[in-house]
Amino acid sequence: MGSEFNRRDAIKRAMAIGVVAIPSASLLSACATSSGGDKNKPVATGTKSASNPLGVKNGAPLEAFVFKGGFGDDYIKAAESAYNTTYGTTVKHTGTQAIGPKLQPRFANNTPPDFMDNSGADNLDTAALAKEGKLLDLTPLLDAPTIDDPAKKVRDVLIAGTVEQGQYGSQAMYALNYAFTVYGSWYSNKLFQAKGWTYPKTFDEMIALGAKAKAAGVALFTYPGKYPYYVHFDLFAQIGKVGGKDVLNAIDDLEDGAFQVDAVKQVVGYYEELAAKKYFLAGSEGKTHIQMQTDWTKGKAALVADGSWVENEAAPTMPKDFDLAVGPLVGGGDSDKLPYGTLYAAAGEPFIVAANGKNPAGGMELLRIMLAKKQTDNFTNTIKSLTCVAGSAEGLTLTPGLASASVALKAAGANVLNARIQDWYVKLNQETIGNLTAQLLTGQITAAKWIEGAQKASDATKKDSSVPKFKHL
Amino acid sequence: MRHGKYRFIIGFLAIPLALYGVLVISPFVQDFQISLTDWTGLTPDKHYIGFDNYRKIIHNHLFWQSLWHNVLLLLIVPVVTLALGLFFAFMLNVGGRRKGSASVAGVRGSGAYKIIFFFPQVLSVAVIAILWQQIYNPDPEEGVLNVVLHGIGLGSQTQSWLGDPKLALACIMAVMVWANVGFYVVLFSAGMSSIPTEIYEASLLDGANRTTTFFRVTLPLLSDTVATGWVYMGIIAMDAFAYVQLMSVNNGGPNEKTDVVPLLLFKTAFRDNSQYGLAAAMGVAMLLVTLVFAVLTLRLSRRERIEF
């Protein structure tokens, strides 16, 4: 018998092809190249009127694609049902955790959904989408009257900074960040009172508190080594407090030598000292944010740098009488450019509307509905988070952490900082500088090395033509 | 028989080959095509920029570091996994004390061991990674591994496992071995049970001990199975994406000491300003490395088939 087709050879060849094929075929083949051309023709808009300022067409379909994460998606469904009643249609709703992987092919095909909550770890790159002109400029929404008071424009009821947060280097606002997050060092009022501690105002007081806490068997700080950029919530804002907004803006704008200034040296030096004195909880460098929060709610560490979502996220392990509070940024003292009480707060949870969707007016209208008092109350009551609508929390019974954040925000007044490097240059902030921070906190590198490395990384990002650049206006 | 052979073969192979061409080969061709563009993956527009992406890769030390980690995985993980798999399978099937009339037997309780070894295989990679992330938890009071070390008086050996740049990759390798060894125990057991007992009896009569039996009888007769296992372990080692992504700190950290090319590719395509073209070029580079591995493996494992 002819033996050209011996089983062994056949298997070997199949294996050889398989070896080549299996490992890397997975990712890119899923999103194969596609043909161009706008397949979505926007539907004819309706007539604009006082009650319908954006000109939504009655009965026109609307597709919403929503991130279903820590906030869930019930609050959006509530707004959708209001939309359904008003415009005689049924919004097609999809809740998912994988916004990016699900929507990237649809954007590449020019068939995106109308309305998206672009959040979560797998989100779409808003900056890249904005640069490619795939997102609708939401300026008409900002200039439309609010639902509660037709005399007021949407623009006028948003908390300061919300509009800027959705801008990517021009006046156009591409994302409406619906939730308002207050960042800072979070602590248990109960623990502080029991130990007779007061929340410190300066780096020196913080280090003194560290010694006291250590004596009491509590670590001053803990952080999630798996996501070391959590520390940047404090670190970058402290740079802004010590050196003023210009110093922080220079870092955001990737200016030459932006990191080589005294304010940065002072702040990073402070972290070097904390690390040298071992005021961080042992093992922090290998933890997830959940493990960090659990250690902290158990009283192993006094403080965590976190956002106001921590109240909802850490709720499962937080004792009922924890009495959560947030402290404003600590700094160098009276020599700081901004006073004590300065806060890092920013709008988050970006909602976007596709520029070439079928019903862009409907997408904006749904956002307008979400900004109405009825919907913001629902959000704050059920999610325990502030919204980007100014004063929307007034008259509501707030949980301890939220109340504390609300008070801190009011006290800060105009002294609210927002480091844009965290959303403009995600890789630079989270990975490159994040890696440096991780080493700084374990004492592997000095503050000087951190600054040198951060400057080098910033310069490299500036030179990299594939990274879209943004500037403070 | 010989008459209609080719028609027969073509008849049977045409459809699978066509499917293979469309679903497997064409994405590779497209991948190469995309790697020559500056495509972001977000729009239909892309521009051809020649070999710029490849130039970028060559000058990217992170790529070389990640590739080196893949090579390390490729050199270490399959060897350790297969060696352990062979050892355990041998002990379970042949390595036991002889009792009664049975001349070839496994160690006592080998049936139960087989189930225990195989257990990780029924868990998904995600479950395994999360499980081990908890075991590696650096907390001296909560991390299982550290608590155990403390408990047996080795408190000085507690580590910040995944947070230590020197240890992190080794820790991830250990999990990959743990997760895969059971499959090879079962695979090699099946291979060993097909070896006729007469051969073992003959070697026994000649006075061979366990070690000699293993190296002179079992291993040569299993070489085909081992070669197959080698290739599959190689694939797992070249990937390692899920393990590293789920377990490592800061996505391939600490300090990028656990980054592997598939993870770098993923980050480039989906996170880092959506650089699909650059990611595609990394995919092509990965393909080349895997090709070299496949060719080398098949060359080195080429030997005469032993009939029995």
(request) Please give the number of the condition B:PHE63 fails out of (1) open to solvent by 80 Å² or more (accessible area, probe 1.4 Å); (2) under 25 Å from A:ALA127 (Cα atoms); (3) at pLDDT 90 or above. (result) (1)
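Just checking, does region A:324-333 include any residue being within 14 Å of another protein chain (Cβ to nearest Cβ), at pLDDT below 90, surrounded by fewer than 20 Cβ atoms within 10 Å (Cβ to Cβ) and not in a strand (DSSP E or B)? Reasoning before the result, please.
Restricting attention to region A:324-333, the residues satisfying the condition of being within 14 Å of another protein chain (Cβ to nearest Cβ) are none.
Checking region A:324-333: not a single residue is within 14 Å of another protein chain (Cβ to nearest Cβ), at pLDDT below 90, surrounded by fewer than 20 Cβ atoms within 10 Å (Cβ to Cβ) and not in a strand (DSSP E or B).
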(message) Regarding region B:70-85, can at least one residue be identified that is more than 27 Å from B:MET286 (Cα to Cα), modelled with pLDDT under 85, open to solvent by 40 Å² or more (accessible area, probe 1.4 Å) and part of a helix (DSSP H, G or I)?
(response) no
(message) Checking A:PRO101 against (1) in a helix (DSSP H, G or I); (2) more than 14 Å from every other protein chain (Cβ to nearest Cβ); (3) open to solvent by 10 Å² or more (accessible area, probe 1.4 Å), only one condition comes out false. Which one?
(response) (2)
(message) Tell me whether region B:158-180 contains one or more residues that are on the phi > 0 side of the Ramachandran plot and without any contact (Cβ under 8 Å) to a residue 24 or more places away in the chain.
(response) no
(message) Return the residues of region A:423-459 that are open to solvent by 30 Å² or more (accessible area, probe 1.4 Å) and away from chain B (no Cβ under 11 Å); say none if nothing qualifies.
(response) A:ASP423, A:GLY443, A:THR446, A:ALA448, A:LYS449, A:GLU452, A:LYS456, A:ASP459
(request) Take region B:199-223 and flag every residue that is more than 30 Å from B:LEU67 (Cβ to Cβ), open to solvent by less than 60 Å² (accessible area, probe 1.4 Å) and under 28 Å from the mean Cα position of the chain (by Cα). (result) B:THR213, B:PHE214, B:VAL217, B:THR218, B:LEU219, B:PRO220, B:LEU221, B:LEU222
(message) I'm checking my understanding of the structure. Among residues of region B:17-56 that are more than 10 Å from chain A (Cβ to nearest Cβ) and open to solvent by less than 50 Å² (accessible area, probe 1.4 Å), which one is nearest to A:PRO105 (Cα to Cα)?
(response) B:LEU36
(message) I want to confirm something. Restricting to region A:284-314 and keeping residues that are touching a residue at least 40 places away in the same chain (Cβ under 8 Å) and assigned to a loop (DSSP other than H, G, I, E, B), which single residue is most open to solvent (accessible area, probe 1.4 Å)?
(response) A:TRP309
(request) Go through (1) without any contact (Cβ under 8 Å) to a residue 60 or more places away in the chain; (2) within 12 Å of chain A (Cβ to nearest Cβ); (3) touching a helix residue (DSSP H, G or I) at 6+ places or on another chain (Cβ under 9 Å) one by one and return the number of the condition B:TRP64 breaks. (result) (2)
(request) Give the residues of region A:244-277 that are touching a residue at least 40 places away in the same chain (Cβ under 8 Å) and open to solvent by 50 Å² or more (accessible area, probe 1.4 Å), sorted by residue number. (result) A:LYS245, A:ASP256, A:GLN260, A:LYS265, A:GLN266, A:GLU272, A:GLU273, A:ALA276, A:LYS277
(message) I need the full set of residues from region B:190-229 which are touching a Phe, Trp or Tyr at 6+ places or on another chain (Cβ under 9 Å), modelled with pLDDT of 85 or more and small (Gly, Ala, Ser), in order please.
(response) B:GLY229
(request) Among the helices (runs of 4 or more DSSP H) lying completely within region A:388-473, list those that include at least 2 residues that are in contact with a Cys (Cβ under 6 Å, 6 or more places away or on another chain), among the small types (Gly, Ala, Ser) and on the phi < 0 side of the Ramachandran plot. (result) none
(message) Given the condition under 30 Å from A:LEU54 (Cβ atoms) and part of a strand (DSSP E or B), answer yes or no: does some residue in region A:339-346 qualify?
(response) yes
(message) When you check A:ASN109 against the structure, is it within 14 Å of chain B (Cβ to nearest Cβ), open to solvent by 30 Å² or more (accessible area, probe 1.4 Å) and touching a strand residue (DSSP E or B) at 6+ places or on another chain (Cβ under 8 Å), yes or no?
(response) no
(request) With respect to A:GLY69, determine if the residue is crowded, with 18+ Cβ neighbours inside 10 Å, modelled with pLDDT of 70 or more, more than 14 Å from chain B (Cβ to nearest Cβ) and farther than 14 Å from A:ILE369 by Cα. (result) yes
(request) Output the qualifying pairs, or none if there are none: Cβ atoms under 7 angstrom, residues six or more apart or on different chains, first residue in region A:384-396 and free of Cβ contacts under 8 Å to residues at least 60 places away in the same chain, second residue in a strand (DSSP E or B). (result) A:ALA393/A:LEU386
(message) Checking B:ALA102 against (1) out of contact with any Cys (no Cβ under 8 Å at 6 or more places or on another chain); (2) modelled with pLDDT under 85; (3) surrounded by 15 or more Cβ atoms within 10 Å (Cβ to Cβ): exactly one of these is not met. Which one?
(response) (3)
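The values are calculated or read from the model by the stated rules, or taken from the named source; none is laboratory data. Quick caveat, the model's predicted, so the values are computed rather than measured. Glycine gets a Cβ as well: all are built from the backbone with ideal geometry, and neighbour counts include every protein chain shown. The protein model used for the area step is the full one, side chains on, heavy atoms only, and it has no ligands, DNA or RNA in it. Shrake-Rupley method; radii C 1.70, N 1.55, O 1.52, S 1.80 Å.
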